[in-house]
Amino acid sequence: MHFKKLFLLFIPLLVLVGCSSGTTDDTKIREQATESVSSEIVAMNNDYDFGKIAMDKGNVSIDFVLKNQGEEPVIITKMNTSCMCTTALLTANGQVSNEVGMPGHGGVGDEIYIKIEPGEEGTVTATYDPNAHGPMGTGINRRTVFVYTNSTSSPRLQLNFVSDVVATSDELATSEEPGDPEEPEDPEGLGTSE
């Protein structure tokens, strides 16, 4: 009987110690985020063109890679998007942030506090819902994910994508491939000669 009482007292102590250890790490990162660093976070790809996408095909996503090119850890402090039709999340250093969206449009908040060590990379996954604006959302759409850091050399990054939304899959041109934005055509053939 005495063992049972000791066991019942020991369980809450274990829970209390377990909960407080996670809070300490989070508090340390939040404190470090208030200190500016000179390391630079660079977007390895900050523009993407989905080409034509059909509303009836549903959401599309793109991964933007961020790299810490400095000698100090950089903390991603928050992210948000330019429109409620777009969400984003960051994966770095074994952590996955909460999904963020446009400020003021619900969600769990845009503060994330994830550290990217020197030479390491993180991935921002942007997801676009072409149905969010209904039939009025067809045509060219440009959206941005904003990434905020404690770096003085890269305090805010912009990750951009564009799409040409059509209503149905039947309207998709089979010759267009998604990828990097294309160079403009030279209709008069005035390009450089070799």
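Each reported figure results from applying straightforward, stated rules to the coordinates on display, with no laboratory input. Please read these numbers as outputs of a predicted model, since none were measured by experiment. No Cβ is skipped: glycine too gets one built from the backbone with ideal geometry, and neighbour counts run over all protein chains shown.
Amide H contacts of Ile53: Asp164, Val165, Val166, each under 5 Å away and 5 or more positions distant or on a separate chain (H built 1.01 Å from N in the peptide plane; Pro and chain starts excluded). Around Asp110, with a cut-off of 13 angstrom between Cβ atoms, what is the net charge of the other residues, counting Lys and Arg +1 and Asp and Glu -1? Once all neighbours under 13 Å are counted, the net charge is 0. Taking the number of Cβ atoms within 10 Å of each Cβ as an exposure proxy, the fewest-first ranking of Lys115, Lys57 is Lys57, Lys115. Take the Cα of Met44, step 7 Å toward its Cβ, do the same at Asp56, and the gap between the two points is 3.7 nm.
Compute the relative contact order of region 41-171 as a whole-number percentage, counting only Cα pairs closer than 8 Å that sit 6 or more residues apart in sequence. List each step's numbers first, then the result.
Numbers: 340 pairs, mean separation 47.7, N = 131.
Relative contact order of region 41-171: 36 percent.
Charge tally around Ser169: other residues with Cβ under 12 Å, Lys/Arg +1 each, Asp/Glu -1 each, net -1.
In this rough spin-label picture, where each label sits 7 Å from Cα along the Cβ direction, the Glu71-Arg30 distance is 3.2 nm.
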